[in-house]
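The values are calculated or read from the model by the stated rules, or taken from the named source; none is laboratory data. Predicted model, so just to flag it, every value in this text is computed and none were measured. Virtual Cβ from ideal backbone geometry, glycine too; neighbours counted across all protein chains shown.
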């Protein structure tokens, strides 16, 4: 046994009186460690009881709360320093923004000063946040029927809320704006709009929210479309009315129609009519409840129609679109007067949509290319066969005489 591994000797020490014997250890064994008591401070700077460094547990008498590790203390101090410097950072940001505006103002003054030394006023970079934009208001109302809350999961309700918000944004920026309304507004959707979205919808211009169903809201829409702020017939609406003759224009100007848009309808929407209300089902269900919007409209005696997707497009996926895409297509139709162009501008690429004429031309081009490749292949085979005959006979083969 090595001397290092040999246990320490214990020798007897005689007391001066000779009665008591004290055992003394020459050395401390290697496996035994001493306990060092160190003070520990919490995040608030207050000193707590000592901690046994060998076990990492609080010393006796400390059972109030667990102590913090060194990493936790470092993170806490960094967070405190960050919070204490919040106001300083805010002031620095304001100073940087102010300096940037001053530089822009000086650059503008150098380039846009008239002969009299007056600086021209710059145009605003964007319209006010809640302004209606530069588009024209038209007498068309789009109603979102949101009475399908019981059929959707929470994530689908959230998605619908985002689509409604996108509809407001697209309509506000469109060249021809419609009146927007939401029916059956309540339940979880209202809670979300009031809570997480902080009631921002209350300041939306041209968008009204109602607790009534879509039929009652469609009747109310007739009043504001024929009122002083109803809008004017413009864009593709005016062109479609002009093509119908003067008598038809006067008749349609008095009263429009109410149409529930549904992909299951047998009627095709060829054009939009002034003073009309078009209802879009506010339902996000991944096609679980197919045809429910169409049945809902038929039960209430409301006319149904579908967008002319099949007449203009060839699609790889189903022809069911999300709420904001339906509205945007209608807005683009009023701008272009062409359903095909409106579809191609709005349709997402994942739908794989192609105009029918372009799809046919593409197929013809593919067929021509395949036919040309086949001709080249046959010609190469004929040339190879002629070379083989020429090698066997030793005589040149005249073109056209090889068999």
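When the helices (runs of 4 or more DSSP H) confined to region 261-378 are screened for residues that are touching a helix residue (DSSP H, G or I) at 6+ places or on another chain (Cβ under 7 Å) and either farther than 30 Å from residue 234 by Cβ or modelled with pLDDT of 95 or more (or both), those reaching at least 2 such residues are found at 323-336.
What residue, among those in region 145-164 that are without any contact (Cβ under 8 Å) to a residue 12 or more places away in the chain and assigned to a helix (DSSP H, G or I), is surrounded by the fewest Cβ atoms within 10 Å (Cβ to Cβ)? My answer is 150. If you go through region 188-230 and keep only what is in a loop (DSSP other than H, G, I, E, B), touching a residue at least 60 places away in the same chain (Cβ under 8 Å) and within 31 Å of the chain's Cα centre (by Cα), you end up with 204, 205, 206, 213. Assessment of region 136-144 against the conditions (touching a residue at least 40 places away in the same chain (Cβ under 8 Å), buried (at least 17 other Cβ atoms within 10 Å of the Cβ) and farther than 24 Å from residue 223 by Cβ) yields no matching residue. Residues that are touching a helix residue (DSSP H, G or I) at 6+ places or on another chain (Cβ under 6 Å) and at pLDDT below 95 within region 178-188 comprise 187, 188, listed in sequence order. Condition check for residue 130 on (1) modelled with pLDDT under 90; (2) touching a strand residue (DSSP E or B) at 6+ places or on another chain (Cβ under 8 Å); (3) in a loop (DSSP other than H, G, I, E, B): one failure, at (2).
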